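The values are calculated or read from the model by the stated rules, or taken from the named source; none is laboratory data. Since the structure is predicted, the reported quantities are computational estimates derived from the model, not experimental observations. Cβ placement follows ideal geometry from the backbone for every residue including glycine, while neighbour counts extend to all protein chains displayed.
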């Protein structure tokens, strides 16, 4: 996928040293941008895909092996590549797996990487489209001496489709971001999906570095039932240059009165399916089926279990926050979660104090994990959360919300 990167020929021994001044040639290379950022409308050969983006199309856009490749000449030595996946992909693992593939290709054509650092990471929303981005600097030990390169990556989810973009060259940072934003804004596909009637996008960060996104959507079917989907994608780069990816999707089907119809949950760690479970009711008994860590699971929830869901929780929290005596009160609900699929896990939320016109501080607890919350009284959802996951302090912050329920 990646062409030969444009490397600087000057030996750089201190490029990864903290606080070191960059030499002039490196500053110049990193400052390069495309000559024109005016968008051009592009279409796939079969008419399924249409997008208006900067860059000159190199090859016809065709569907091969389940995705569409859009190769764009931006005036450098390497093209920008964007892959459009009609059925979507795991956002975090796609960045991890394509990084590993890029490293193999670089080492095959240029020489062994002797250093790699994550220069920056980002996550957020282009309007209603969530994205995760990473930018890497690397050094290759070749026969001609040490050479430096850069890899920019971004993945986004729009409707049912996902887009992955990458550029393996120093510079063109603004050009690359403009192309990614163009896909978020203008991508049209042959199977357009109806926009959800509620959308909540939050970013996840550790020590100020954004590492992923959490997305909640509500879509109503023709019978009035609601598909409530929650997706999280987290990507953590460690000091030794390795990268860990975690992707999760939880879907609840909910009746108009807020009661649960059925649910499904899948978790993927570094590309490996760690759990794939479903929950459904049969004659008053809640059945759990699927697999965890490759082992089959078939069990039932305890008798008289009434599993909740985040839609019902948010509605009840909204009603609670509207009460004049909300501070000091506590809300509880039992949830079916993949970590303990054979029983319900109680989630507790204690309202602490009112903060401004529409927000409340609260303390949440579920499955041994506690969180400091900022609740939005307009929808009963958390607009911010600080929680501890083992040794990690994770912060969630809402960056987009639209619609209602």
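Across the stretch 33-52, the number of residues qualifying as surrounded by 18 or more Cβ atoms within 10 Å (Cβ to Cβ) and either within 16 Å of residue 173 (Cβ to Cβ) or modelled with pLDDT under 95 (or both) comes to 1. Among the conditions (1) part of a strand (DSSP E or B); (2) under 18 Å from the mean Cα position of the chain (by Cα), residue 184 misses just one, which is (1).
The set of residues from the stretch 320-342 being surrounded by fewer than 15 Cβ atoms within 10 Å (Cβ to Cβ) and either assigned to a loop (DSSP other than H, G, I, E, B) or not assigned by TED's automatic domain parsing to the domain that holds residue 279 (or both) comprises 322, 323, 324, 325, 328, 329, 339, 340, 342. Being part of a strand (DSSP E or B), in contact with a strand residue (DSSP E or B) (Cβ under 8 Å, 6 or more places away or on another chain), farther than 21 Å from residue 385 by Cβ and free of Cβ contacts under 8 Å to residues at least 60 places away in the same chain is a property that residue 348 lacks. Residues in the stretch 271-302 that are in a loop (DSSP other than H, G, I, E, B) and at pLDDT 95 or above: 271, 301, 302. Would you mind stating whether residue 393 is at pLDDT below 95, in a strand (DSSP E or B) and under 22 Å from residue 210 (Cα atoms)? Considered against the rule, which asks whether it is at pLDDT below 95, in a strand (DSSP E or B) and under 22 Å from residue 210 (Cα atoms), residue 393 comes out as yes.
Only one of the numbered conditions (1) crowded, with 19+ Cβ neighbours inside 10 Å; (2) modelled with pLDDT of 90 or more; (3) over 30 Å from residue 160 (Cα atoms) is violated by residue 68, and that is (3). Here is the figure for the stretch 217-270: residues that are touching a helix residue (DSSP H, G or I) at 6+ places or on another chain (Cβ under 9 Å), assigned to a loop (DSSP other than H, G, I, E, B) and in contact (Cβ under 8 Å) with a residue 12 or more places away in the chain total 3.
For the stretch 188-198, residues that are crowded, with 21+ Cβ neighbours inside 10 Å and under 21 Å from residue 40 (Cβ atoms) total 0.
Residue-wise test of (1) over 11 Å from residue 341 (Cβ atoms); (2) out of contact with any strand residue (DSSP E or B) (no Cβ under 8 Å at 6 or more places or on another chain); (3) surrounded by 18 or more Cβ atoms within 10 Å (Cβ to Cβ).
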residue: 265; (1), (2), (3): no, no, yes
residue: 277; (1), (2), (3): no, no, yes
residue: 297; (1), (2), (3): no, no, no
residue: 301; (1), (2), (3): no, no, yes
residue: 311; (1), (2), (3): yes, no, yes
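The residue list 306, 316 contains one member that is assigned by TED's automatic domain parsing to the domain that holds residue 265, surrounded by 14 or more Cβ atoms within 10 Å (Cβ to Cβ) and outside any strand (DSSP E or B), which is 316. Given the criteria in contact with a strand residue (DSSP E or B) (Cβ under 7 Å, 6 or more places away or on another chain), in contact (Cβ under 8 Å) with a residue 40 or more places away in the chain and within 19 Å of residue 25 (Cβ to Cβ), does residue 140 qualify? Yes, satisfied.
Listed by first and then second residue, the pairs with beta-carbon distance under 9 Å, at least 6 apart or on different chains, first residue in the stretch 357-382 and under 12 Å from residue 346 (Cα atoms), second outside any strand (DSSP E or B), are 366/337; 367/337; 367/339; 367/340.
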